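Structure first, then comments.
The values are calculated or read from the model by the stated rules, or taken from the named source; none is laboratory data. Because the structure is predicted, anything quoted here is derived from the model rather than measured. Heads up, the Cβs are rebuilt from the backbone with ideal geometry, glycines too, and the neighbour counts pull from every protein chain shown. These area figures cover heavy atoms from the full protein model, side chains too; ligands, DNA and RNA do not enter into them. Shrake-Rupley method; radii C 1.70, N 1.55, O 1.52, S 1.80 Å.
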Amino acid sequence: MKPSLSRRNLVAGNWKMYYAPEKAQAWVEQYIQEYPTNAVFQIEIALHVPFPFITHMCNILSKYTPVQIGAQNVAFAYEGPYTGEVSASMLRAAGARYCIIGHSERRQLFYETDEQIVTKIELVQREEILPILCVGETAEERQANRTQKVITKQLELIFEKQEDLDLKYLTVAYEPVWAIGSGKPATPEQAQEIHAFIRELFRQECGPEMANRIAIIYGGSVNTENAGKFFEQPDIDGALVGGASLNGHSFFEIQQQLQQIKYPTPPLPN
Ligand code: PGA
């Protein structure tokens with residue numbers, strides 16, 4: 001049963017810094033093979049590719065399938081002397097409809113701060129790009145029983161600046177850092193507990209309507225074998241998929257599981 005008519009469901013792939021153009025082409029062929037031409041998906045599907053592939057992937061995928069293309073990062077300023085950075089308006093012009101923001105790899109390796117992250121959300125929303133905000137604790141933080149504290153802190157500025165953001169169109173990805181790329185996902189129950197906690201934070205800070213509406217997806221070693229177990233949880237609205245999104249067949253299979261679990265009555269074809 002869908003908990004709310006207005007809650008969005010999303011499968012988002014994250015290619016990270018993988019794939020030369022020939023491999024991207026092979027991926028598209030795999031994906032298209034799976035994709036039935038009359039399929040109707042009520043879920044959202046986004047694929048986050050490296051910057052130089054955005055326009056090409058929009059042209060070959062978004063035109064023929066419901067897959068929207070996203071970026072994996074954006075600059076924290078509108079424009080300026082920021083060598084090597086890519087602005088939100090440039091992403092929009094390239095065709096991006098989604099953007100991952102605050103992925104733990106960026107927080108850890110590129111020292112992204114919560115202040116920069118909230119600015120990035122604001123900047124992409126101005127360009128009508130849908131942000132996916134990543135939050136999650138490290139193994140040490142979990143062991144020290146600090147998971148809820150860490151996540152509360154990561155969301156604090158979002159709540160403080162809620163007047164400047166359009167939170168209805170925000171997706172929160174709960175990605176425990178220890179589960180990313182490790183082949184050791186959280187259990188569906190562990191993930192559900194934190195998703196319910198995040199939803200409760202939204203209830204306290206923004207009210208029940210927003211809490212019910214906000215899309216919260218799980219990320220960290222999601223694959224075709226375990227995805228359905230996550231999607232059966234009431235507060236898990238989809239997945240952010242890294243490794244398994246590198247295979248077109250697996251990515252399709254995961255989105256099909258989300259569609260079937262959240263919308264058990266098949267929609268009529270167009
Ligand atoms: P993973 O990556 O699915 O390979 O664990 C998830 C992510 O980093 O978003």
What do you reckon, how do 83, 65 stack up by accessible area (1.4 Å probe), largest on top?
83, 65
Distance from a point 7 Å along Cα→Cβ of residue 33 to each backbone N in the stretch 61-105: keep the residues under 17 Å and list them by number.
none
antiparallel share of DSSP beta bridges within the chain, to nearest 5, in %, is 0
Rounded to a whole number, what % of the accessible area of the stretch 10-262 do carbon and sulfur atoms account for, probe 1.4 Å?
50
Whole-number accessible area per residue in Å² for the stretch 10-262, which is evaluated in the context of all protein chains at 1.4 Å
45
Pairwise label distance in nanometres, residue 63 with residue 77, each label 7 Å out on the Cα-Cβ vector:
3.7
Residue-level accessible surface for residue 184, protein heavy atoms, 1.4 Å, Å²:
140
Name the long-range amide H neighbours of residue 9: under 5 Å, sequence gap of 5 or more, or other chain; modelled H, no Pro or chain starts.
44
State the answer as a single residue: which of 246, 215, 138 lies farthest towards the positive end of the charge dipole of the stretch 10-262, with beta carbon charges of +1 for Lys and Arg and -1 for Asp and Glu, about the Cα centre.
246
Simple spin-label estimate for residue 17 and residue 203 in nanometres, 7 Å along Cα-Cβ
4.2
Among the listed pairs 153/262; 16/229; 184/229; 120/168; 120/153, which are separated by more than 19 Å between their Cα atoms?
153/262; 16/229
About the Cα centre, and with charges only on the beta carbon of Lys, Arg (+1) and Asp, Glu (-1), how big is the dipole of the stretch 10-262? Nearest 20 debye, please.
320
Scoring the chain by relative contact order with C-alpha pairs under 8 Å, at least six apart, yields a percentage of 23
Using protein chains only and a probe of 1.4 angstrom, how many square angstrom of residue 249 are accessible, to the nearest 10?
60
Please list, in chain and number order, the residues 5+ apart from residue 241 or on another chain whose amide H is under 5 Å from its amide H, with Hs placed from the backbone.
12, 13, 14
For residue 69, distant residues with modelled amide H under 5 Å away:
47, 97
Determine which lysines satisfy two conditions relative to residue 63: a Cα distance under 22 Å, and not lying fewer than 8 residues away in the same chain.
23
In the chain, which helices (entire DSSP H runs) extend 15 Å or more along their own long axis, judged by Cα positions, while averaging at least 0.0 on the Kyte-Doolittle scale?
147-160
Hey, rough spin-label estimate for residue 159 and residue 93, points 7 angstrom out along Cα→Cβ, what's it come to in nanometres?
3.9
Rg(Cα) / (2.2 N^0.38 Å) computed for the chain, rounded to two decimals:
0.94
If you average the alpha carbon positions of the stretch 51-72 and of the stretch 73-116, how far apart do those two centres end up, in angstrom?
18
